[in-house]
Amino acid sequence: MGFFQDMIAVFKKRQLVFIESHKESDDVYTFVFEKEEDLTWKAGQHGLFSITHKKVKNPTKPFTIAAAPSENVLKLTMKISDNPSEFKKAMLELKQGMTIGMSGPLGSLNANDEHPTVLIAGGIGITPFRSIIKQIEAEGNGSKKPIHLIYMDSEKKYMFKDELDANNDSIRISYLDSRDGLHQEIDKLSTLYQNNGQYLIAGPKSMVDSISSYLQNSSISKKNIKKDAFHGY
């Protein structure tokens, strides 16, 4: 989706009805909302979400949609520390039937099945790739080209691992817990596919910027790299 399409999407505002939340790990929560019939998005996109039930500082934040378009709900997955922001405190206060605001969807972190795809996730950055992989699974015909998921998590929590492992055989997954291992896997795949591949990176901003630079230093063109940097909020 281009810049102007994103600008138009920002003005598409709606209210999402909260269903439930659950923990993915000690400090990661998934919030589940009703999906209206006319709401759709491309797997990997994000929205701008707003707290509406109380006044908070900085009430609107971008979050990737963790659910695939084929699922009948919208999901947001986020890390919430012991000392959360006002925004995340308000998210934890949601009760069934309450609403949050949404603008969008936005962004172009989506896979083109005409090229081999390397998905590189750091920690909570797995959320857009869950959406992409679930959508591929729902369509049932796999991808025309190979898809690799490199999932780096130094804490070895690997959110959605059971779902990812249960997916069809069209996705090849490497679970890693060290930067050296990450670089070795990237070296292997970037040598194999070079600029015929597409490289999607999602995770903390420092990690995304570092891996983008690493790929470019390995002669991968910037135009073949898509990024989604997550902020703490």
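See the values below:
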item: Sole residue being in a loop (DSSP other than H, G, I, E, B) and among the polar types (S, T, N, Q), chosen from 190, 131, 108, 103; result: 108
item: Condition broken by residue 174, with the remaining ones in (1) surrounded by 15 or more Cβ atoms within 10 Å (Cβ to Cβ); (2) assigned by TED's automatic domain parsing to the domain that holds residue 65; (3) of a type in the set (S, T, N, Q) satisfied; result: (2)
item: Filter result for residue 138 (surrounded by fewer than 21 Cβ atoms within 10 Å (Cβ to Cβ), among the aliphatic types (A, V, I, L, M) and in contact (Cβ under 8 Å) with a residue 40 or more places away in the chain); result: yes
item: Tally, over region 169-199, of residues that are within 20 Å of residue 127 (Cβ to Cβ) and out of contact with any Ser or Thr (no Cβ under 7 Å at 6 or more places or on another chain); result: 8
item: Residue list for region 65-78, filter: assigned to a loop (DSSP other than H, G, I, E, B) and among the polar types (S, T, N, Q); result: 70, 72
item: Criterion: over 24 Å from residue 205 (Cα atoms) and modelled with pLDDT under 95 - qualifying residue of 81, 70; result: 70
item: Of the criteria (1) part of a strand (DSSP E or B); (2) of a type in the set (Lys, Arg); (3) without any contact (Cβ under 8 Å) to a residue 24 or more places away in the chain, which one residue 223 fails; result: (1)
item: Matching residues in region 77-89 - criterion: being farther than 17 Å from residue 229 by Cβ and crowded, with 16+ Cβ neighbours inside 10 Å; result: 80, 84, 85, 87, 88
item: Region 36-64, subset assigned to a strand (DSSP E or B) and of a type in the set (S, T, N, Q), residue surrounded by the most Cβ atoms within 10 Å (Cβ to Cβ); result: 64
item: Residue pairs meeting the criteria (Cβ under 6 Å; at least 6 apart or on separate chains; first among the small types (Gly, Ala, Ser), in region 103-125; second in a helix (DSSP H, G or I)); result: 103/10; 104/9; 111/132; 121/129; 122/207
item: Candidate set from region 205-219 (those that are farther than 15 Å from residue 182 by Cβ and over 15 Å from the mean Cα position of the chain (by Cα)); member that is surrounded by the fewest Cβ atoms within 10 Å (Cβ to Cβ); result: 219
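This table checks each residue for (1) at positive phi; (2) among the aromatic types (Phe, Trp, Tyr); (3) touching a helix residue (DSSP H, G or I) at 6+ places or on another chain (Cβ under 7 Å).
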| position | (1), (2), (3) |
| --- | --- |
| 29 | no, yes, no |
| 43 | no, no, yes |
| 46 | no, no, no |
| 63 | no, yes, no |
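The values are calculated or read from the model by the stated rules, or taken from the named source; none is laboratory data. What you see is a predicted model, and the numbers here were worked out from it, not measured in a lab. Virtual Cβ from ideal backbone geometry, glycine too; neighbours counted across all protein chains shown.
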